[in-house]
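Following: one structure in structure tokens, then a few remarks.
Every number in this text was worked out from the coordinates using simple rules, so none of it is lab data. In this text the structure is predicted, and so the values were computed from the model without any measurement. So basically every Cβ, Gly included, is an ideal-geometry build from the backbone, and we count neighbours across all protein chains shown.
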Amino acid sequence: MAYNIALQFEDGVSRIIPCGPAELVCDAAYAAKINIPLDCRDGACGTCKCHCESGEYEMGAYIEDALTEDEAAEGYVLTCQMKPKSDCVIRVPASAAACKTEVGTHGGKLTKIARDSATTVSFSLQAERPLSFLPGQYVNLQVPGSKETRSYSFSSAPRSTDLSFLIRDVPDGLMSSYMRHKAQPEDFMMFTGPYGSFYLRPTIRPILMLAGGTGLAPFLSMLLWIKDNPTDQPILLAYGVNSNDDLVELDTLAELKSVISNFDYFTVVVDNESGHPRLGYVTNHLTPAHLNDGDVDVYVCGPPPMVEGVRKWMGSVGVTPKSFHFEKFSSANEAAVTA
């Protein structure tokens with residue numbers, strides 16, 4: 001049996017490698033052609049010191065000059081002495097290039113295209129092999145017929161060959177135009193990744209998820225993972241959009257609520273003429289109680305104004321969450337206009 005070890009490099013690249021319970025992480029990385037910084041291999045120099053963000057492991061012999069007692073208590077490890085006892089996420093204090101590794105390149109056939117609303121498109125790819133990633137991460141998809149890529153978060157669970165995405169249908173957008181006018185089943189698409197530091201951390205306290213528009217995608221991936229890896233912590237998702245037509249995946253959310261007993265969600269619509277029971281922005285419908293006196297992990301994915309709006313709201317209520325993770329997104333067209 002091998003565990004999945006996610007190596008998170010400081011430039012945002014991720015590599016997930018197998019490592020047996022009797023195998024040192026540094027040896028598993030080397031077998032995968034990844035050169036984690038390493039020198040003595042005896043637990044004496046500290047060169048291979050990394051931070052294990054989640055997972056269980058055991059450490060071999062090392063001296064305090066290489067790893068202090070306080071560092072070990074905070075989850076720092078020496079990969080030359082670390083053997084996993086579960087899947088682990090390890091932050092490596094070096095770039096992927098410095099470790100002589102490259103981001104993974106993958107491919108898959110287009111199997112489904114659905115226009116869930118006038119402003120969104122969902123599609124699925126059948127990958128050549130099961131893909132490991134951390135729930136919430138993204139890949140760079142190459143637009144067929146061009147050399148351009150676009151970044152999209154998975155809306156599907158990790159370790160499957162069925163990969164799903166939920167994207168904005170942007171007028172004149174390169175990927176949007178392909179999906180609207182040219183895409184056909186069996187079309188082959190290349191992508192690289194996974195990337196990103198926006199992913200689900202260990203579920204050890206209440207979770208507040210705030211999604212704006214297609215920022216719902218990474219939360220679907222997280223919730224699908226939680227469905228198969230239950231937690232007893234309460235989870236609340238606030239999902240905001242501009243109009244009723246923008247609300248998508250409601251059946252999926254209802255199904256997830258039915259199978260995850262401690263999960264709940266609500267939707268919010270900006271349009272005052274929508275007739276929706278909750279109007280405005282998601283922060284209009286949050287209270288300090290949702291921050292649980294700070295004992296909460298907050299995840300936000302949406303347009304930049306939404307992320308900044310959440311920051312201001314938390315400042316206004318005077319509660320700092322235990323952790324705050326966010327991902328901002330905008331279309332390539334918008335980025336060009338504002339650059």
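Details
- What the Cβ-Cβ distance of Ser151 and Met59 gives, at R0 = 35 Å and to the nearest 0.05, is a FRET efficiency of 0.45.
- Residues considered: Leu250, Leu24, Leu216. Largest GNM mean-square fluctuation over the chain, using C-alpha springs under 10 Å, is found at Leu250.
- Length available on full extension from Thr68 to Asp251: 0.36 nm per residue minus the Cα-Cα distance, which gives 60.9 nm.
- Hull volume per residue, based on the alpha-carbon atoms of the stretch 105-195 and their convex hull, is 84 Å³.
- Here each label is just a point 7 Å from Cα along the line to Cβ, and for Cys40 and Asp228 those points are 4.1 nm apart.
- Net charge, Lys322 excluded, C-beta distance under 13 Å - Lys, Arg +1, Asp, Glu -1: -1
- Along its first, second and third principal axes, ordered by size, the stretch 49-184 spans 62, 27, 26 Å in Cα coordinates.
- Applying Stokes-Einstein at 20 °C and 1.002 mPa s to the Kirkwood radius of the stretch 207-338, computed over alpha-carbon pairs, gives a translational diffusion coefficient of 140 µm² s⁻¹.
- DSSP beta bridges confined to the stretch 3-92 are antiparallel in about 75 percent of cases.
- Axis of helix 304-317 versus longest Cα principal axis of the chain: the two differ by about 80°, to the nearest ten degrees.
- Angle in degrees between helix 250-259 and the longest Cα principal axis of the chain, rounded to the nearest 10: 50
- Order of Tyr178, Tyr199 - criterion: other Cβ atoms within 10 Å of each residue's Cβ, fewest first: Tyr178, Tyr199
- Contour minus Cα-Cα distance for Ser258 and Lys322 (0.36 nm per residue): 20.2 nm
- A Stokes-Einstein calculation at 25 °C with viscosity 0.890 mPa s, built on the Kirkwood radius of the chain over Cα pairs, returns a diffusion coefficient of 115 µm²/s.
- Annotation: average projected area of the stretch 78-141 is 7.0 square nanometres, based on the convex hull of Cα atoms across all directions.
- Inter-part distance where the stretch 149-165 and the stretch 279-298 are each reduced to a Cα centre, Å: 28
- Among Ser14, Ser124, Ser155, sorting on how many other beta-carbon atoms sit within 10 Å of each Cβ, with the fewest leading, yields Ser124, Ser14, Ser155.
- Helix axis angle, 217-228 relative to the chain longest principal axis, alpha carbon, degrees: 60
- Note on the stretch 216-284: the alpha carbon radius of gyration divided by the globular reference 2.2 N^0.38 Å gives 1.17.
- Residue order for Glu23, Glu273, fewest other beta carbons within 10 angstrom first, comes to Glu273, Glu23.
- Bins of 10 Å, starting at 0 and running to the largest distance - Cα pair percent for the stretch 3-92: 19, 57, 24, 0
- Scanning residues 5 or more positions from Ile260 or on other chains, none has an amide H under 5 Å from its amide H, with H placed 1.01 Å from N in the peptide plane.
- GNM remark for the chain: springs join alpha carbons under 10 Å apart, and the peak mean-square fluctuation among Gly196, Gly108, Gly309 falls on Gly309.
- DSSP beta bridges in the chain [antiparallel fraction, %, rounded to 5]: 60
- Pairwise label distance in nanometres, Met1 with Ala97, each label 7 Å out on the Cα-Cβ vector: 4.0
- Alpha-carbon centroid distance for the pair the stretch 1-54 / the stretch 216-273, whole angstrom: 34
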